[in-house]
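Note sheet for the following structure.
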Amino acid sequence: SYLLIIAAWLITFSFIIDNYWSGNSSADAVRDKIENYIHEQEKDFEKLLSDNIILKKIDGNKYEEGLLKQLTGKPYFLYRYFVNDLGQPQLIFWNTQTVLPSGMLLTLPGNSGFIKLDNGYYVWRKNSGINNITVALIPIKWDYFVTNTYLQNNFVDNLAIEQQYDISGKHTNALVKSLAGKSFFYITEKAGSTVAKSNTVAVCLRLLAALLILIFIHIVATYIAIKQSLLRALIFLVPLIFLLRLISYYYPIPLNFRQFELFDPSVYGSNMILRSLGDLLINAILFSWVVLFIYSQLKEKESRIKIAKKEYKWVILVFVCVTLLAATFMAAQIIRSMVADSQISFDVINFFTLNMYSVTGFIVLCCIAIGYFLLSQILLFIIQPLFPRNFTGLYLIVAIAGLIFLSFQLNVADAGFEILILGWLIMYLFLLTRDNLTLSIKIINSSKLIFWLFFFSVTIAGVIMLENSKKELRNREHYAETL
């Protein structure tokens, strides 16, 4: 009970912090971040202009290794022009190949401003000497015509705000100014993208409170399983988890998950249940939790399923086969959709394309694989006392039920993949019922476990590679049509 009391206090503190120590994101907060970023680069540019030694080295084309590293490592783009006798500027130094200042920029009046170039929005600073011009371009937001894994239309300086905010020329309260107070541009909220954001401390307190409540539920379920029966523990645990998860879809309990990038449908979205990568992660963890709970309780009790009437064993066998089929097709479709219907990169060969979403995706894959493997172990454990180990009826019922299910599928394009998955399931059951590969529910054998880890790794990698190749072809077709 003390877990619930602590959770209640944590939730209370989180509400107080969220209301009176507000850290909610706003256009003004975004404006302040962008302004600070611009001001830092302007100060650095002014410091560079005051260093005559560096400027003479640039004009004389005399670069040391340390100087080159210093100039190319700047977060803004630097250009130095020499003005000839005809008054025409000639570029003699640049520290990037990302963009080139337009000719119009060199003739603009003043020493700072805001401009839209071919690949994005920039704040420019300019200093004109007797026979030279020094230009700095401070990137604010990229705006590529064709986007891909490497070219994304987002804000610079790690500001992940492109889903909620944009740059605008229309007057708003969030005006971004230069270091000298000159107006550059406005920050505006995108229509329909306003999401209530909680303070970071409040988020941590609510997540900790949710964790304590889940621990309380687990302890109660374990107590019921020990004192009464596993079936009654599951009747308590599963509906309660399902109800809490269902409530979290419609209400901000324990908090509004939409404020986090992980719950952005543009990254991953398959259906109403798996509407984001974050939702998929939560569901996968809850599934693994329930399966591990059942597995651990069966291992502790070391009991076998007792059937009062032997004629019920065929009903149980059909139930086990249907459950295995449903779990297999569902897991395969989820793994497939994580590649096909998302912006998640699983291309481990191109290491720098991997990001936070890739790591989260690998965690989800692990939860699905572990949960599925233990679930299949539990289902086979149920029918162990009823049928011989190498009972061919198991494969036959799985094959017939699977083919009946596929016969009513309307999506012909996925038929080949689903038949392949059905064949994989029969092979998996054949291997799982071999004496030299079977894992006991009571004792884990490390050598057998390594084999199953390898088996699932190869299987999941095969699905990912197949879908990656299809996705790559679709992207190429899309780029060709765009061009």
Checklist outcome for this item: The correct count of residues that are open to solvent by less than 40 Å² (accessible area, probe 1.4 Å) and either at pLDDT below 85 or aliphatic (A, V, I, L, M) (or both) in the stretch 189-212 is 9
Checklist outcome for this item: Looking across the stretch 315-344 at residues that are more than 21 Å from N271 (Cβ to Cβ) and either among the acidic types (D, E) or surrounded by 18 or more Cβ atoms within 10 Å (Cβ to Cβ) (or both), the single one that is farthest from the chain's Cα centre (by Cα) is L317
Checklist entry - In the stretch 67-90, is there at least one residue being touching a Lys or Arg at 6+ places or on another chain (Cβ under 9 Å), open to solvent by 70 Å² or more (accessible area, probe 1.4 Å) and not hydroxyl-bearing (S, T, Y)? => result no
Checklist outcome for this item: Sole miss for N271 among (1) at pLDDT below 85; (2) within 25 Å of N154 (Cβ to Cβ); (3) under 21 Å from the mean Cα position of the chain (by Cα) is condition (2)
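Just to check your reading of the model, which residue among R232, R245 is basic (K, R), in a helix (DSSP H, G or I) and under 20 Å from the mean Cα position of the chain (by Cα)?
On the way: R232 fails: under 20 Å from the mean Cα position of the chain (by Cα).
The match here is R245.
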Next on the checklist: Quick check on the stretch 47-64. Is at least one of its residues surrounded by 16 or more Cβ atoms within 10 Å (Cβ to Cβ), among the charged types (D, E, K, R) and touching a helix residue (DSSP H, G or I) at 6+ places or on another chain (Cβ under 9 Å)?
Outcome noted: yes
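Taking the stretch 339-356 only, how many residues are under 17 Å from L281 (Cβ atoms) and out of contact with any helix residue (DSSP H, G or I) (no Cβ under 6 Å at 6 or more places or on another chain)?
Looking only at that region, the number is 6.
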Item to check | Hey, I17 open to solvent by less than 40 Å² (accessible area, probe 1.4 Å), more than 30 Å from H171 (Cα to Cα) and touching a residue at least 60 places away in the same chain (Cβ under 8 Å) or not | outcome: yes
Checklist entry - Yes or no: W142 open to solvent by 30 Å² or more (accessible area, probe 1.4 Å), within 22 Å of G169 (Cα to Cα), free of Cβ contacts under 8 Å to residues at least 24 places away in the same chain and among the aromatic types (F, W, Y)? => result yes
Checklist entry - Consider Y268 against the criteria (1) surrounded by fewer than 19 Cβ atoms within 10 Å (Cβ to Cβ); (2) under 21 Å from A331 (Cβ atoms): it satisfies all of them except one. Which criterion is unmet? => result (1)
Checklist entry - Before we move on, is I215 under 21 Å from F13 (Cβ atoms), part of a helix (DSSP H, G or I), modelled with pLDDT of 90 or more and out of contact with any Pro (no Cβ under 6 Å at 6 or more places or on another chain)? => result yes
Next on the checklist: Can you report the number of residues in the stretch 213-251 which are over 19 Å from S276 (Cβ atoms), among the hydroxyl-bearing types (S, T, Y) and open to solvent by less than 70 Å² (accessible area, probe 1.4 Å)?
Outcome noted: 2
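Have a look at S112, S102 and point out the one that is of a type in the set (S, T, Y), open to solvent by less than 20 Å² (accessible area, probe 1.4 Å) and under 40 Å from the mean Cα position of the chain (by Cα). Please lay out each step first, then the result.
Working: S102 fails: open to solvent by less than 20 Å² (accessible area, probe 1.4 Å).
So the residue among S112, S102 that is of a type in the set (S, T, Y), open to solvent by less than 20 Å² (accessible area, probe 1.4 Å) and under 40 Å from the mean Cα position of the chain (by Cα) is S112.
The values are calculated or read from the model by the stated rules, or taken from the named source; none is laboratory data. All values derive from a computational prediction rather than experimental measurement. All Cβ positions, glycine included, derive from the backbone under ideal geometry; neighbour counts span all protein chains shown. The accessibility values were calculated without ligands, DNA or RNA, using every heavy atom of the protein model including side chains. Shrake-Rupley method; radii C 1.70, N 1.55, O 1.52, S 1.80 Å.
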